[in-house]
Amino acid sequence: MSTSKLRALNWYATLPVAGMLAFVGVMAAFFLYLHRTEADQQNQLLYRDVEWAQQSLSLRWRTNQDFVVANSPGWTQLSDAGNAVRPQLQELLKNNSDIQYIFWMDSRRSIRWIMPGLGSVAPQSRPIGQVIEDSAVFNAFTEARESSAPTYSPPFLGDANAPFVELHVPIFNDRAFIGTVAIGYNLLRSIQVTASEQMLARYKIDLADSGGNVLVSTSSRTIHDANLSYELPLNPPGHGIRLRAFAFETRPLLLDRILVTSVFGLSSVVLVGLGLLWYFARQRIKAESRLVEETHFRRAMEDSISTGMRVMDLKGKITYVNPAFCNMLGFAENELVGLDSPYPYWPIEQRQLHQDNLSSLLMGKIPPAGLRTEVQRKDGSRFFARMYVSPLKNKQGAQTGWMTSMTDITEPERIREQLRAAHEQFTTVMEQLDAAVCVLAGFESLPSNRLLFTNQRYRNFFGDQLQHTIIDLLKDEQRGPEVDIAFEHFSQSTQSSQWFELRWRPIRWVDQSEAILVLVSDITLRHGAQALLREQQERVERTSRLISMGEMASSLAHELNQPLTAISNYTMGGAARLQQALDRNEPVPTKDLSLMLEKTARQAERAGKVVRRIRDFVKRSEPDKQACSAQTIVEDALGLAEIDAKRMQMHIQVSLQEDLPMLMADPILIEQVLLNLMKNGMESMLNGQNRVLEVSAKAADQTIEICVADRGSGVSASDREKLFEPFFTTKADGMGMGLNICRTIVEFHQGRLTLNDRVGGGTEFVISLPVISLPVHSKRASPLDELTKPNASTNNINQQLTNQTATEQSETFAK
């Protein structure tokens, strides 16, 4: 019914509103037509006025131009513009008040005479006898001379910053250019003379250059961009000068304003009145409609709610049930409404219990937690339900009955039982874990020793108290959840130390507060195994170095024999000189003895360096990372490898990049890796023709790459996969630990050891080690500087030292 009323109201209100809107539309169209007609008339008038002004100004300037062209040759006869030409000039100036001056300029641009306009004085910028140099006059003068035709200059500022344009007419005498006669136009005065008073009253007239800049304007008033405007090019003088006109704003007549205001005002009043009537009628119908809708909504809400609703009067008679209540019990609404107790959904054997509960409820004894009871459906099945009862009161506050809500709790009971079983399973699993588990409150609560949960293993390890060691480890800001923390704990019960590994992560506890889950695992056995493994690894590394030194023993003996032989020779030579001096009863030659002792000391120092270097290489067992130079490490390894190279008749080619960054590494371990790789490379080339081992080092993307490349037989695809495995070797007498130890050492330094094939045959091992961020600006001296030099063949250097030693010995014996 409310919908039909709204439709009828809308239909009746539409007719007068539509009529009034049609009237307003017709009036608006009429006024719009008048406005457009008036605008078109103004546009046409503006176009005609601007075109007339443009044509008038151009015609005047062309007439003056023709006059000057026809008469100017006679004006150059007298330099003082005498009586012969003065009447003509005065007539021209009299008829053109916008001409400010006329002058004659010879071929050197020197003014010979000048005549000011009527009521004007000679311009200061054009004195007689002066050569004109400004660009505007120069360009016009040059163009007139070259084209032999009248030329207008670009606009320029003259005296008092007034915009001017000059007309230059070339003068020739027997085809010889003798100068120009120039007329100076004041642009503002030209517009004022040409435009009528009506135009000046209706429009603001401007002259603008090619860039749109205003040269002159007849009014200083600001014109809105929406006003009528029109512009045309002005030629002469050309140069992009345009004549523009802007219409002053015109106001509608007062009568028109009053008429328009009255029509639209009365129409607005009528529309407002109709709108108010329609609004109040619509509000009334809407209120009625909302009341009906609210009734239906409440009924729909009661019907759609999943909780069963039952209303009883004060005596216990059922007066209302919702569909959910009926669906729960399987009874229809008419089967329940109007019934007194006992109700048909009470189980037969529990009717007395239900009757007692109903009597207590009717007496106002309402349990706040509700009443858990068992009810029976119409089909005989039963389920558990929880009922909540509250008094039902009318508008005046008087109680009229009891409102009961019933909820099926069969599923919640099942879920509660499952949760209890799951909790028992979780507790059983947590108590049987080998790892100690505890949950702590957030970081702010740690000093209060708040343990939210512990399992049996934690209590066995640490008791019921929170360990301060764990608190200190968790408070360390540098140890995040992704870091496994190992710590040692002394147990009072066993009187022994145990090693544990701690892992933690932030969690949300059951009350949504911040908590920390901590897992502590006993790693005492693993810690001991790792320590034993590290000790064995160090022994293997040291053994590998000893084996390398053993294989180089003969070469080392030869290397040490040279300085020792030199020392013996120098000593014997010195003794012989002393004996000769004593036999001859001559003074001892101290200078010669000092030189021989100095050479002896140098050879002894050389032998000591070799021995010390070998001892450091073999003796070191504990890793000792330190800032070291990659170039020095390579050179030290080359000093040892050169011994095998001479024995195997190999040549080592070295290429080191200058200013290599520093490494954080154990130099002895890296030297061991390099020595092993170089030794393997030389051994692979024993049966080959190309016996050159290439060693290079360069910086690349925050790393240093040290490359050892040979020209041997290479590595097969089947051997490549297990080349770095322990005890795998391709040598008949090899142990199979060298490359495995090398990879272990490189990975200990957070680096990589890779194997590549070379084009043309051979193998390339590349060691990539991370660098320290600070660059290397100076190179540390190598311990074997006496044996090696950067970027030179070690073989050549050793040969030079050998030759030098032999030469010194020969000189000694000669003396």
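The values are calculated or read from the model by the stated rules, or taken from the named source; none is laboratory data. Just so you know, these numbers come straight off a predicted model, no measurement behind them. Methodologically, a virtual Cβ is constructed for each residue, glycine included, from the backbone with ideal geometry; neighbour enumeration extends over all protein chains shown. Side chains are part of the model used for accessible areas, which takes the heavy atoms of the whole protein and leaves out ligands, DNA and RNA. Shrake-Rupley method; radii C 1.70, N 1.55, O 1.52, S 1.80 Å.
At 0.36 nm per residue, minus the direct Cα-Cα distance, what do Gln130 and Arg758 gain on full extension? Give it in nm, one decimal, please. Please report the intermediate quantities before stating the final value.
Details: separation 628, 0.36 × 628 = 226.08 nm, distance 8.76 nm.
Additional length available on full extension: 217.3 nm.
Along each of its three principal axes, how wide is the spread of alpha-carbon positions in segment 91-159, in whole angstrom units, largest first?
Principal-axis extents of the Cα atoms in segment 91-159, largest first: 33, 23, 21 Å.
Which GluC sites (Glu not before Pro) in segment 96-195 pass both tests, a DSSP loop state and at most 12 other beta-carbon atoms within 10 Å? Display every interim value, and only then the final one.
Details: sites: Glu133, Glu143, Glu146, Glu166; in loops: Glu133.
Qualifying residues, ordered by number: Glu133.
Using alpha carbons only, what's the Rg to Rh ratio of segment 195-241 with Rh from Kirkwood?
Working: Rg = 11.4 Å, Rh = 11.9 Å.
Rg divided by Rh gives 0.96.
Given a Förster distance of 22 angstrom, what is the FRET efficiency for Ile305 paired with Asp379, based on the Cβ-Cβ distance and rounded to 0.05? Kindly include the intermediate steps, with their values, before the conclusion.
Numbers: r = 23 Å, r/R0 = 1.05.
Computed FRET efficiency for Ile305 and Asp379: 0.45.
Among 174-183, 582-591, 405-414, what's the highest-first ranking by average C-beta atoms within 10 angstrom per residue?
Working: 174-183: 17.7, 582-591: 9.0, 405-414: 15.0.
Ranking the peptides 174-183, 582-591, 405-414 by packing returns 174-183, 405-414, 582-591.
May I ask you to derive the FRET efficiency for Asp209 and Leu34 from their Cβ-Cβ distance with R0 = 56 Å, giving the value to the nearest 0.05? Intermediate values should be presented prior to the final figure.
Details: r = 39 Å, r/R0 = 0.70.
Efficiency for this residue pair is about 0.90.
If you find the alpha carbon centre of segment 400-438 and of segment 650-690, how far apart are they in angstrom?
What the calculation gives is 69 Å, centre to centre.
Per residue, how much accessible area does segment 254-299 show when a 1.4 Å probe rolls over the protein heavy atoms, in square angstrom?
Details: 3720 Å² over 46 residues.
Dividing the accessible area of segment 254-299 by its residue count gives 81 Å².
Find, to one decimal place in angstroms, the Kirkwood hydrodynamic radius of segment 133-231, where the mean of 1/r is taken over every pair of different Cα atoms and then inverted. Provide the component values of the computation, followed by the final result.
Numbers: mean 1/r = 0.0643 Å⁻¹.
Computed over segment 133-231, the radius equals 15.5 Å.
If Lys and Arg each add +1 and Asp and Glu each add -1, what is the summed charge of the other residues whose beta carbon sits under 9 Å from the beta carbon of Met387? Intermediate results must be reported in sequence, preceding the final value.
Values: positive: Arg310, Arg372, Arg386; negative: none.
So the environment of Met387 carries a net charge of +3.
Would you mind computing, in nm to one decimal, how far apart the modelled labels at Gln750 and Ser147 are, each placed 7 Å from Cα along Cα→Cβ?
8.0 nm
Please compute, over every Cα-Cα pair in segment 336-419, the percentage with a separation greater than 17 angstrom.
Values: 1982 of 3486 pairs.
Of all Cα-Cα distances in segment 336-419, 57 percent exceed 17 Å.
Using only Cα atoms, figure out Rg for segment 263-395 and give it as a multiple of 2.2 N^0.38 Å. Present the calculation step by step, with values, prior to reporting the outcome.
Values: Rg = 24.5 Å, N = 133, 2.2 N^0.38 = 14.1 Å.
After normalising by residue count via 2.2 N^0.38 Å, the value is 1.74.
Can you tell me how much longer the chain between Glu197 and Met664 gets when fully stretched, taken as 0.36 nm per residue apart minus their C-alpha distance, in nm with one decimal? Intermediate values should be presented prior to the final figure.
Values: separation 467, 0.36 × 467 = 168.12 nm, distance 9.51 nm.
Using 0.36 nm per residue and subtracting the Cα-Cα distance, I get 158.6 nm.
Compute the distance in nm between two label points, each set 7 Å from the Cα along the Cα-to-Cβ direction, one at Ser390 and one at Glu586.
Label-label distance for Ser390 and Glu586, simple model: 13.4 nm.
Once both labels are modelled 7 Å past Cα along the beta-carbon direction, what's the Arg298-Leu578 spacing in nm?
Label at Arg298, label at Leu578, 13.2 nm between them.
At 0.36 nm per residue, and after removing the present C-alpha to C-alpha distance, how many nm does the segment from Leu564 to Ser713 gain when stretched out fully?
49.7 nm
Given the peptides 46-52, 377-383, arrange them by the average over their residues of other C-beta atoms within 10 Å, most packed first. Working shown, then result.
Working: 46-52: 16.0, 377-383: 11.3.
By packing density, highest mean first, the sequence is 46-52, 377-383.
Which of Lys286/Lys395; Lys315/Lys393; Lys646/Lys698; Lys625/Lys646; Lys94/Lys204 have a Cα-Cα distance over 21 Å? Mind showing how you got there, number by number?
Working: Lys286/Lys395 24 Å; Lys315/Lys393 15 Å; Lys646/Lys698 26 Å; Lys625/Lys646 32 Å; Lys94/Lys204 27 Å.
Lys286/Lys395; Lys646/Lys698; Lys625/Lys646; Lys94/Lys204, as the Cα separations exceed 21 Å there.
Could you list the residues of segment 379-401 with an amide nitrogen less than 20 Å from a label point located 7 Å from the Cα of Glu411 in the Cα-to-C-beta direction?
381-388
Where the accessible area of segment 113-161 is counted over protein heavy atoms with a 1.4 Å probe, how much of it, in %, is carbon and sulfur?
Numbers: 1420 of 2660 Å².
The computed percentage sits at 54.
Label 7 Å along Cα→Cβ of Glu349; segment 355-387 residues with amide nitrogen under 16 Å?
374-377, 380-384
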